[in-house]
Amino acid sequence: MPLEIETRDGVCLLRLRVSPGARKAAIKGEHGGALKLSVTEPPEKGKANEGVVALLADALGIPQRNIEIIAGHTSQDKRVRIAGITEPELRSRLAP
């Protein structure tokens, strides 16, 4: 299944499936239309969410302030809003 990216008002909305507390932070590919990530931070006090934002910003080459978790703050399944990048650029930068 291809990665599901929604574009609204010039920003991209992306679903994530996050595995916190991993040995290595990495983008693992697609999982049911969502982007699968692993982060080293533990799932406590928002640390894993900070790791998600940092990993995405680094992978996409955009500032962390352009990425916002809008749903799923305490869940493995999250939804993020990404500004400053078009959908084709996003797909290109996330391609394996």
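The values are calculated or read from the model by the stated rules, or taken from the named source; none is laboratory data. As the structure is a prediction and not an experimental result, all values here were calculated from the model. We place every Cβ from the backbone using ideal geometry, glycine too, and count neighbours over all the protein chains shown.
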Report summary line: Filter segment 1-24 for residues that are part of a loop (DSSP other than H, G, I, E, B) and more than 20 Å from Ile85 (Cβ to Cβ); the one that is modelled with the lowest pLDDT is Met1
Query - Identity of the residue in segment 5-46, under 19 Å from Asn66 (Cα atoms) and of a type in the set (D, E, K, R), that ends up surrounded by the most Cβ atoms within 10 Å (Cβ to Cβ) - result: Arg15
Report task. Looking only at segment 74-93, decide whether some residue is free of Cβ contacts under 8 Å to residues at least 40 places away in the same chain, within 14 Å of the chain's Cα centre (by Cα), farther than 12 Å from Pro20 by Cβ and exposed (fewer than 13 other Cβ atoms within 10 Å of the Cβ). Result -> no
Query raised in the report: Do we have Leu55 as farther than 19 Å from Glu6 by Cβ, surrounded by 14 or more Cβ atoms within 10 Å (Cβ to Cβ) and either touching a residue at least 40 places away in the same chain (Cβ under 8 Å) or not small (Gly, Ala, Ser) (or both) here?
Result: yes
Query raised in the report: Restricting attention to segment 6-57, and to residues there that are touching a helix residue (DSSP H, G or I) at 6+ places or on another chain (Cβ under 8 Å) and of a type in the set (Ser, Thr, Tyr), which single residue is nearest to Leu90 (Cα to Cα)?
Result: Thr7
Query raised in the report: In segment 41-96, what residues are part of a strand (DSSP E or B), among the charged types (D, E, K, R) and over 13 Å from Cys12 (Cα atoms)?
Result: Asp77, Lys78
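Does Ala71 fit the bill of being free of Cβ contacts under 8 Å to residues at least 12 places away in the same chain and among the small types (Gly, Ala, Ser)?
Yes: the conditions hold for Ala71.
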